[in-house]
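The values are calculated or read from the model by the stated rules, or taken from the named source; none is laboratory data. The model shown is predicted, which means the values in this text are computed figures rather than measured ones. As a convention, Cβ positions derive from the backbone with ideal geometry for all residues, glycine included, and neighbour counts pool all protein chains shown. Note: accessible area is taken over every heavy atom of the protein model, side chains too, but ligands, DNA and RNA are not part of it. Shrake-Rupley method; radii C 1.70, N 1.55, O 1.52, S 1.80 Å.
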Amino acid sequence: MTRTLRALSALALFGAAAAAQAAITCSVSVTAISVPYDPSVSGDTVRTGSYTISCTRLAADANTLGWSLGANDGQQPSGQTNRAMLNGAYYNYELYRLAPYTNVNRWRDQNASVRFSGTLNFGTSLTASQSGPFDLRLGGPQTVQPAGIYTDLVTATLRNSATSVVLAQAAFAISVITSPTCVLSTPPGNVSFAYRSFQGTAASASTSFGVRCTTGLSYSMTLDTSSASLLGLSYSLSLSQASGSGNGTTQTYSVNGSMPAGQAGTCATATCSASRVHTLMVTY
């Protein structure tokens, strides 16, 4: 009789151990995000992606699951800053759970407060899923790097929020695209001459402007005309430089004007004024 009781006890312990092996299994997917860097945009560029978690349980498992989902800083961060890179050049970007885009709202994995979290409700089903959005913020302005596709790979980790056990992981790609481009980051102002009839010296005037081009991109600059006249006074215009090579930041040049001495002009009153519009062209 004693031996029989011992055998039954062992069987009962084995059955309890088998029940403890029941576990919820999960997967996670996150959309890849591609964003262009446009140097003409002075503020942020934002793109929205999404995540989806899917879990399966056994009939013996609980019908709810508390979860948290975090994202690391990618493969090539600088401190806590995410970076998309190409040949050593990079753009900084960040991931956010929600706006406003402040540090406390970043989507990260360092602790529970910066992860997405929620409760998955199975009800009577053995499967359940949940999805949500997140934002990528590409801050501007940044140095305009050479044309190309800058990439990073971020890993999202899904955890049981009660035990911190890792349930699943997924990597998703980030791409920042730079196209060959130039912008007039600072448009030219007015070239304003002050001239007195028959004055003995030439009058001069100038204005500055700024061009920002993709790093390594060659460009040229021209004016619609190099000479013209106003009120019978002839003048000439020239550029401080006719061409350049982009370095990703604003490069400053000038439009220089000269009005030769000794001109009478056609002003028949004490003072006269006139204006003419000229066009600056940047070709790349």
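Around Ser113, under 14 Å between beta carbons, what's the net of Lys plus Arg minus Asp minus Glu among the other residues?
Once all neighbours under 14 Å are counted, the net charge is +4.
For the range 165-259, which whole-number percentage of the solvent-accessible area (1.4 Å probe, protein heavy atoms only) is attributable to carbon and sulfur atoms?
49 percent
Under the rule of -39500 (n - 2.57) per DSSP H run of 4 or more residues, summed and divided by the residues of the chain, what mean residue ellipticity at 222 nm is obtained, to the nearest 500 deg cm²/dmol?
Helix contribution divided over all residues of the chain: -2500 deg cm²/dmol.
Is the C-alpha gyration tensor of the range 35-126 telling us rounded, prolate or oblate? Criteria: a/c under 1.5 is rounded; beyond that, a/b larger than b/c is prolate, otherwise oblate.
Cα axes put the range 35-126 in the prolate bin.
Using the heavy atoms of the protein chains and a 1.4 angstrom probe, tell me the accessible area per residue for the range 195-238 in square angstrom.
Result: 48 Å² per residue.
What is the set of long-range amide H partners of Gly132 at a cut-off below 5 Å, with H atoms built 1.01 Å from backbone N?
Tyr51
In whole Hz, with x marking every Gly and Pro, tabulate ³J(HN,Hα) for the range 175-188 from phi via Karplus 6.51 cos²θ - 1.76 cosθ + 1.60, θ = phi - 60°.
Karplus values, whole Hz, x for Gly and Pro: 10, 10, 10, 10, 9, x, 7, 10, 9, 7, 5, 10, x, x.
Give me the accessible area of Thr48, 1.4 Å probe, in Å² rounded to the nearest 10.
100 Å²
Compute the angle between helix 2-20 and the longest alpha-carbon principal axis of the chain, please, reported from 0 to 90 degrees and rounded to the nearest 10.
20 degrees
Using only C-alpha positions, report the orientation-averaged shadow area of the convex hull of the chain, nm², one decimal.
So the Cα hull casts an average projection of 23.5 nm².
Grab the eigenvalues of the alpha-carbon gyration tensor for the range 92-248, scale each by 5, take roots, and send me the semi-axes largest first in whole angstrom.
Sorted largest first and rounded, they come to 60, 17, 12 Å.
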